[in-house]
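Worksheet for the structure shown next.
The values are calculated or read from the model by the stated rules, or taken from the named source; none is laboratory data. Small disclaimer: the values here were computed from a predicted structure and weren't measured. Cβ atoms come from the backbone with ideal geometry, glycine included; neighbour counts cover every protein chain shown.
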Amino acid sequence: MIHVVALNPALDRTVILKEFNHDGVSRAKESMDLLGGKGFNVVRSLMTGEERPPFQIHSFLGGYIGDILRTFIDEKGMDARITNITGTTRICSVIVDEQRNEVHLINESGPAITQAEKDELYSSLLAQTKPGDYVIFSGSLPKGVEPEFYQTVIRTLEEKGAHCVLDSSGLPLEHGVQANPWLLKVNEHEFKELVSPGEKQIQSLETMVAEFDQAQNVMITLGKNGALAKFNHQLYQVELPAIEARNATASGDIFLGAFIKTMDQGAAVEEALQTANAYSLSNCLSWYPHINMEEVETFKPNIKVTRLRSS
Ligand SMILES: Nc1ncnc2c1ncn2[C@@H]1O[C@H](COP(=O)(O)OP(=O)(O)OP(=O)(O)O)[C@@H](O)[C@H]1O
Ligand SMILES: [Mg+2]
């Protein structure tokens, strides 16, 4: 079972404009409402393709936006363990200006969570997680949830025999790695901020990854430059074919969902890295989060995974 902990969900509203008129009226060519927030983008990979792994999503929803998202969840037949909250779930807006080839993101911060709501989600997650399950902690923490939250939950679930995966930034990341999760997934900027905040980089990224010991395994995604990973002390490098990216938003989340789905099927790390990158490349080709399986299959053989040194 794969659990996805999505504490900061959102209604993602993408508005596609031929041209954005500053300080004036713009006409939408197309608009779209999607289940959003990092955790729900991870789930996108689990829902795509022929084989849907067993998964559960754990999230907070409230108010009229929460109601809309609940209907989306039901339509897709997702197993979601939702904690009802008194606040109203946020909307995140994506404004696409086709003429300038620009994407403007407006992320609202979302409602505050009460102690009782947080305790309810925590107890439910604990009760649902079994030894050997994957538990993905994705994104920032909502107001009202202390920065040590991921650390506390990861410690408890790792002790229970679960494989915890952390993808966050800032303080929740700094605290979260202290629980030594099974896997850390961050981008290059987040990794450097964690390992040597504010310092000039002297070592190569490869050496930094080789020496990193705050998580059992680690994956650093590098945008168009692919990824670096370390599993069981073996380093891997991923190189990608060049593409014309339209919008890379959510690529890291889609990468992570595809990676864990493939590992859950019993595949080797190399194959999971290849699949994960094929999914995220496909996502880069559209204006809004989307995976096209034909594109995934075309990209796969052109993604090069190389074993580097062992550390
Ligand atoms: N411009 C790009 N061209 C090609 N591939 C890309 C590009 N940007 C992202 N990718 C793909 O997506 C993966 C993840 O990207 P990235 O390192 O930007 O993640 P991220 O910063 O965690 O993203 P987010 O948090 O917004 O989901 C990369 O490893 C790569 O496969
Ligand atoms: Mg990311």
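Checked against the criteria, residue 148 counts as acidic (Asp, Glu) and at pLDDT 95 or above. When residue 205 is tested against the conditions (1) of a type outside the set (S, T, N, Q); (2) over 19 Å from the mean Cα position of the chain (by Cα); (3) crowded, with 22+ Cβ neighbours inside 10 Å; (4) within 16 Å of ligand 1 (Cβ to nearest atom), the lone failure is (3). Of the strands (runs of 3 or more DSSP E) contained entirely in the range 68-146, those carrying at least 3 residues that are touching a helix residue (DSSP H, G or I) at 6+ places or on another chain (Cβ under 8 Å) and not aliphatic (A, V, I, L, M) fall at 80-84, 134-138. Taken as a whole, the condition of being more than 13 Å from residue 257 (Cβ to Cβ), surrounded by 14 or more Cβ atoms within 10 Å (Cβ to Cβ) and aromatic (Phe, Trp, Tyr) applies to residue 20. Just so you know, in the range 107-125 the residues that are of a type in the set (A, V, I, L, M, F, W, C) and farther than 17 Å from residue 79 by Cβ include one that is surrounded by the most Cβ atoms within 10 Å (Cβ to Cβ), and it is 113. Annotation note: Cβ proximity below 7 Å between a residue of the range 189-214 that is more than 17 Å from residue 168 (Cα to Cα) and at pLDDT below 90 and a residue that is within 16 Å of ligand 2 (Cβ to nearest atom) and of a type outside the set (Ser, Thr, Tyr) (sequence gap 6+ or interchain) occurs for 201/192. Checked across the range 231-239, the condition of being surrounded by fewer than 16 Cβ atoms within 10 Å (Cβ to Cβ), assigned to a loop (DSSP other than H, G, I, E, B) and not aliphatic (A, V, I, L, M) holds for at least one residue. Between 244, 270, 239, the distinction of being at pLDDT below 95, more than 8 Å from ligand 1 (Cβ to nearest atom) and more than 20 Å from residue 40 (Cβ to Cβ) belongs to 244 only.
Of all residues in the range 216-235, those that are touching a Leu at 6+ places or on another chain (Cβ under 6 Å) and either more than 15 Å from ligand 2 (Cβ to nearest atom) or among the aromatic types (Phe, Trp, Tyr) (or both) total 2. Comparison of 129, 88, 152, 156 shows that the only residue that is crowded, with 22+ Cβ neighbours inside 10 Å and in contact (Cβ under 8 Å) with a residue 24 or more places away in the chain is 129.
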